[in-house]
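Participant: The structure is given below, and queries will be raised subsequently.
The values are calculated or read from the model by the stated rules, or taken from the named source; none is laboratory data. Computed from a predicted structure; not experimentally measured. Backbone-built Cβ (ideal geometry, glycine too); neighbour counts: all protein chains shown. Side chains are part of the model used for accessible areas, which takes the heavy atoms of the whole protein and leaves out ligands, DNA and RNA. Shrake-Rupley method; radii C 1.70, N 1.55, O 1.52, S 1.80 Å.
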Amino acid sequence: MLCLRTPEARSSPNFNPQQLDIVSNMSSQFELAQNPTDVISAVAFSRTTPTRLLVSSWDHSVSLYDTHAEPGGKLLDKYTQPAPVLDVCFGRDDNEAFSCGLDWEVRRINLESGEQTVLSTHDKGVRSVVFSPKHNLLVSGSWDGTLHLHNLDRPGEFSTVPISSKVFSMSASPTKLVVAMANRAVNIYELDTLARAAHQGDNVIQVEPWQTRESSMKYMTRAVACMPNDAGYASSSIEGRVAVEWFDPSDESQARKYAFKCHRQQVDGQDVVYPVHALAFHPVHGTFASGGGDGVVALWDGVAKRRIRQYQRFPAAVSCISFSGNGKYVAVGVSPGFEDGQDDVPDGAIKVYIRELSANEAQGKKK
Amino acid sequence: MTKKRKRWPTLEEKKERPWCFYCERDFDDMKILISHQKAKHFKCDRCGRRLNTAGGLNVHMTQVHKENLDRVENAIPGRSGLDLEIFGVEGIPADVKQQHEDEITRKHFEEAKARAHKSGNPLRDGYSTGGNAVSSKRQKTREDLDDILTRVVKFRVDKANGVLPIPPPVEIVPKASPPVAHSYGAPPAQASPFLPGGQFPPPGQPFPPNAAFPQPGFGAPPGFVPGGSPVGGMPPRPGSIPGPTGLPQRPPFGGPPPGVPQSDISASVDDLIASAAAAAAPPETAAPAPEKKSKKDKNIKLVYFDDNISPEEKMAALQRYSASVRK
């Protein structure tokens, strides 16, 4: 009977190693011991070291962790900035990070020495930074309605690309950059084009997006994430919905796009709809996770249009999600969500959870 | 269809009811018990899947969520063990079953005794106290032809004089409710709108049989019945309608003493009605609300609904960050 797979199987006489494998694959989840003290804005795993994690927060800090050096993870270093930090990402190697925030600046952080260099200054808060290792290109997107392109071959210089609206979220696939903006606008750039433009080094350059799209959802775009296989992207809105669409402009591919409702809760017969704050694709399986204001993280198979699983509710809203480069771990930033009609950010748990995924926990439907 | 439930089921009937091992609740029907167990005790809190037994849920938890089940949810203390394979009433250990039946028996006789004490009726035979504790049968009235004839004559005279017909005298329970119920919010002048002539009903007068429970001045939407009184063209049965719950009893009608102006009485009655209405107000205001909700197809509440300003921008504008945010 199926019951054989329960942990008691260990003591059964017919015990075989396969079962041990299943048992040891039991996923585990823990929270970091030392967490930021204010809302967490971003979590980012290193592409190469699966236990190296950056966390940015509204408490003006960027923190670097080794998630498995000791139980509860080890806080390796903390980099303080003058204003709340809105995004962080790893740079060319494990010792370089880029951050941006409400000091309007895009910073490079040397994680070893702690030295911070201002790469550029926007005219308003900077919402998002994305680094493309292949193109050696750092892109920052700001509420001032511009992108800054930093060609890291030429330190200290950057180019400004004016776009139609404030940037709310950005994500890069191997060849594309998706910029989600206010007014439900979405621009898709080819990273090659951006890299070339950055190479010219003019101060202000007009770069034609490869595609301009309107969000397929009716409400404000909250997050966007590109598929690791370069086929398309998922975006989410403040109205508990996620859309999946494909880059390929052909009618067939465009007909495949869809959106679905999620992160909603029935309360006294009323449907309470939470914003979907976070989206992240699994680098190996190509499935994706969504995190919402309801504190729930769900894993989805975007191709088979299935929900793979939904995790137990976290104690507060899920603000960001990141998978490690090998897809073994997922980091979930949990902080109280700011809701309309509130005067302040509510009190609540501010924690980063690390979940170790079992072998096929995030695997989609097999073909 | 389930059997019609008796008001006072016998002990045997009570013992036959299926009951839940985990929470000691009993049910009309085995189907309901099983769906209760699936929903309350064997439901996966991760994905909401409803399993048939605790063992099934355990296997599901291990395989699907890679987690271990340690107890049955919502069980009373001592009953949350996973070792018993319970399905419906099957699998309940004999001693627990015996204990449950003893408890039913004890409660049954306790209730019967309390009822007998209250009603003053003798205890029925040891087991079946089924049947009615209080006789609700109306007393038969005996009339011979002469009595009927005099009534017919009286009726004709009354009708000619514009006096409403008085049906044969019936024992009326003074707390008949309809006059209270239909005049919510009605102005004092219309305190008794069912009497077009403005005349107060004489003592012991039941409803005129053709008055189809008038509802003027009643603020609730159609279909809402205060205190569960019958409505919709059905004339209220005289004498047997219990007062709506939450309403104080009406004092017995006394006919208007001669010389007292009609308006005084209707005003005092109206005071009574007003206080009664106040007491009964909560159900009135609470009931229409769900109706409204069900009418609305899209009853949703957006946690965040701004179209163009992201949560981060709003947070950045908060007082607590004002010192550090660059402007």
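Participant: Translational diffusion coefficient, Stokes-Einstein: compute it for the range B:18-91 using the Kirkwood radius over C-alpha pairs as Rh, at 4 °C and 1.567 mPa s, and state it as an integer in µm² s⁻¹.
Facilitator: Stokes-Einstein gives a translational diffusion coefficient of 106 µm²/s.
Participant: Restricting to Cα pairs below 8 Å that are 6+ residues apart, what does the relative contact order work out to for the range B:1-107? Please round to a whole percent.
Facilitator: Answer for the range B:1-107 is 26 percent.
Participant: Then there is this: Which of the aspartates and glutamates could be linked to B:LYS14 by a straight reach, that is with a Cα gap under 15 Å, when you skip same-chain ones fewer than 8 residues away?
Facilitator: Excluding near neighbours in sequence, the set is B:GLU24, B:ASP26, B:ASP28, B:ASP29, B:GLU101, B:ASP102, B:GLU103, B:GLU110, B:GLU111.
Participant: For the range A:197-354, what number of Lys pairs, 8 or more residues apart or on separate chains, have alpha-carbon atoms under 27 Å from each other?
Facilitator: Summing the qualifying lysine pairs gives 8.
Participant: If you average the sequence gap of Cα pairs under 8 Å that are 6 or more apart and divide by the length of the range A:22-356, what percent do you get for the contact order?
Facilitator: Dividing the mean separation by the residue count of the range A:22-356 yields 13 percent.
Participant: Kindly express, to the nearest 10 degrees and within the range 0 to 90, the angle between helix A:191-200's C-alpha long axis and the longest C-alpha principal axis of chain A.
Facilitator: 30
Participant: At A:GLN254 and B:ARG7, where each label point lies 7 Å from the Cα along Cα→Cβ, what is the point-to-point distance in nanometres?
Facilitator: Inter-label distance under the simple model: 7.2 nm.
Participant: Probe radius 1.4 Å, ligands and nucleic acids left out: can you give me the accessible area buried at the A-B interface, summed over both chains, in Å² to the nearest hundred?
Facilitator: It comes to approximately 4100 Å² buried between A and B.
Participant: Evaluate peptide B:313-324: per residue, the Cβ atoms of other protein chains within 10 Å of its Cβ; return the mean as an integer.
Facilitator: 5
Participant: Select from B:MET30, B:ALA54, B:VAL64 the residue farthest towards the positive end of the dipole of the range B:18-91; place +1 on Cβ of Lys and Arg, -1 on Cβ of Asp and Glu, and compute about the Cα centre.
Facilitator: B:VAL64
Participant: While we're on this one: Against the empirical 2.2 N^0.38 Å scaling, what ratio does the C-alpha Rg of the range A:22-356 come to?
Facilitator: 0.93
Participant: Which FRET efficiency value, to the nearest 0.05, do you get for A:ASP271 and B:ASP307 by plugging their Cβ-Cβ distance into 1/(1 + (r/R0)^6) with R0 = 22 Å?
Facilitator: 0.65
Participant: Assigning unit charges at the beta carbon (Lys, Arg +1; Asp, Glu -1) and nothing else, what dipole magnitude in debye, to the nearest 20, does the range A:22-356 show about its Cα centre?
Facilitator: About 940 debye.
Participant: At 7 Å along Cα-to-Cβ for each site, give me the label-to-label distance between B:ASP28 and A:ARG306 in nm.
Facilitator: Each label point lies 7 Å from its Cα, and together they span 3.9 nm.
Participant: When the label point is put 7 Å from the Cα of B:ASN299 along its Cα-to-beta-carbon vector, which residues of the range A:248-275 have a backbone N closer than 18 Å?
Facilitator: Correct set: A:264-274.
Participant: Hey, another quick one. Please work out the average accessible area per residue across the range A:22-356, using the 1.4 Å probe convention, and give it in Å².
Facilitator: Using a 1.4 Å probe on heavy atoms only, each residue of the range A:22-356 averages 37 Å².
Participant: Next question. Please give me the summed charge of the neighbours of B:PRO311: other residues whose Cβ is under 9 Å from its Cβ, Lys and Arg +1, Asp and Glu -1.
Facilitator: -3
Participant: Continuing with this model, one more query. Per residue of A:76-83, how many C-beta atoms from partner chains lie within 10 Å of its own C-beta, taken as a mean?
Facilitator: Rounded to a whole number, the mean comes out at 1.
Participant: I need the calculated FRET efficiency for the pair A:THR80 and A:SER164, taking r as the beta carbon distance and R₀ as 30 Å, to the nearest 0.05.
Facilitator: Here the calculated transfer efficiency is 0.30.
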